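One structure is given here, and the rest of the page talks about it.
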Amino acid sequence: MSSLLLNKKSDVRNQIGIWKKSNLKIGLVPTMGALHAGHASLIKKAKETCDKVVVSVFVNPIQFGPNEDYNKYPRTLENDKKLCDESGVDIVFAPTPNEMYGENKKLKDTDLTFVCPPYKLVDCLCGKSRVGHFDGVATVVFKLFNIVTPDYAFFGQKDAQQLFILKQAVKDLDLNVEIVACPIIREEDGLAMSSRNTYLSKEERMEALTISKALREIQKTYVGGIDDAKILFDVAVATISKNVEIEYIEFRNFDTFDKIEKISENTLVAIAVRVGKTRLIDNIILG
Ligand code: AMP
């Protein structure tokens, strides 16, 4: 089946309007493209849950900081379209920044209305080094919600902080969409799939493997009876390659997002690192 490739918001709205008249359930999978098996798992879940599935492919300029990889981020629309065709996606929505935000907008907070999630949730973990990132994410996702008006939207646990923030923002602003969380898909050797893995050299990829290894070591130690976050932190540091620069290793209650010292039910263990110039994240839920 060939999916419909649309670039204009109005074309998406028209098609969705037709489907809504027939009471069809709409699912949205927001992505930045360079699709891999992680994205495909979200699409599969969307297909199981909904009558029609929209995948957005948009490298969102307002969620990148000035020194980040916006320009170099992989753009592979032809392959993405193929994956969507093969996965039974109904619409691939691939707008330009001008289509999304309006011609010649400066895309700064002085020139654009933003959705700003609570400071407590954005000024930590990835938001500490990526200032403004989650405002950019929440803004583009809410715009996509308004364009596509999905019944369900699918997000990966891989971006755990993003998932938590979007769930809270949807609740706080009474949006009529159900956020569905999907598990992390990994390469056979444990590396969490990411569009940014293509930046890694062979050697860097080997170093990057120690991140998922550290998470597995934490899990093993926890199952062995250790629930002290400080000890588990040390286990992770000892496992991660010395050539990998650790940005954070944190333990948070995934119901409240509070930092914790003892592992309890639903504990998020989140890691961010730099391998060479590439920033990678991974996480696991314990308890
Ligand atoms: P991105 O294209 O990186 O913005 O990701 C789009 C969506 O795919 C987000 O909800 C991610 O959390 C999700 N995703 C990315 N990588 C994975 C993965 N390895 N497993 C599951 N979901 C993923």
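The values are calculated or read from the model by the stated rules, or taken from the named source; none is laboratory data. Just so we're clear, the structure is a prediction, and the values are computed from it rather than from any experiment. All Cβ positions, even for glycine, are placed from backbone atoms using ideal geometry, and neighbour counts span all protein chains on display.
Can you tell me which of 231, 271, 263 is farther than 30 Å from residue 199 by Cβ and touching an Asp or Glu at 6+ places or on another chain (Cβ under 6 Å)? The conditions single out 263.
For residue 136, the stated conditions hold: it is part of a helix (DSSP H, G or I) and small (Gly, Ala, Ser). The single residue among 92, 29, 12 that is of a type in the set (Val, Ile, Thr), more than 23 Å from residue 191 (Cβ to Cβ), crowded, with 17+ Cβ neighbours inside 10 Å and within 16 Å of the ligand (Cβ to nearest atom) turns out to be 92. Is it the case that the range 13-33 has a residue that's at pLDDT below 95 and either closer than 14 Å to residue 86 by Cβ or touching a Cys at 6+ places or on another chain (Cβ under 8 Å) (or both)? Taking every residue of the range 13-33 in turn, none turns out to be at pLDDT below 95 and either closer than 14 Å to residue 86 by Cβ or touching a Cys at 6+ places or on another chain (Cβ under 8 Å) (or both). Residues that are under 16 Å from residue 232 (Cα atoms) and assigned to a loop (DSSP other than H, G, I, E, B) within the range 266-281 comprise just one, 266. Identification of strands (runs of 3 or more DSSP E) wholly contained in the range 149-264 with 1 or more residues that are closer than 21 Å to residue 46 by Cα, out of contact with any Lys or Arg (no Cβ under 7 Å at 6 or more places or on another chain) and not small (Gly, Ala, Ser) yields 152-156, 178-182. Of the residues 214, 270, the single one that is within 15 Å of residue 159 (Cα to Cα), surrounded by 14 or more Cβ atoms within 10 Å (Cβ to Cβ) and small (Gly, Ala, Ser) is 270. Does residue 80 satisfy the condition of being at pLDDT 95 or above and either farther than 27 Å from residue 164 by Cα or within 13 Å of the ligand (Cβ to nearest atom) (or both)? So residue 80 passes the test. When the range 179-204 is filtered for residues that are over 26 Å from residue 165 (Cα atoms) and touching a strand residue (DSSP E or B) at 6+ places or on another chain (Cβ under 8 Å), the ones remaining, listed by number, are 199, 200, 204. Scanning the range 40-55 for residues that are modelled with pLDDT of 95 or more, within 13 Å of the ligand (Cβ to nearest atom) and part of a strand (DSSP E or B) turns up at least one hit. Residue 166 passes every criterion in (1) more than 22 Å from residue 278 (Cα to Cα); (2) over 12 Å from the mean Cα position of the chain (by Cα); (3) not aromatic (Phe, Trp, Tyr) apart from (2). Looking across the range 17-26 at every residue that is touching a residue at least 12 places away in the same chain (Cβ under 8 Å) and in a loop (DSSP other than H, G, I, E, B), the one that is nearest to the ligand (Cβ to nearest atom) is identified as 25.
Within the bounds of the range 153-168, is there any residue that is out of contact with any strand residue (DSSP E or B) (no Cβ under 9 Å at 6 or more places or on another chain), more than 12 Å from the ligand (Cβ to nearest atom), without any contact (Cβ under 8 Å) to a residue 40 or more places away in the chain and not acidic (Asp, Glu)? No. With respect to residue 191, determine if the residue is within 16 Å of the ligand (Cβ to nearest atom), hydrophobic (A, V, I, L, M, F, W, C) and at pLDDT 95 or above. Yes: the conditions hold for residue 191.
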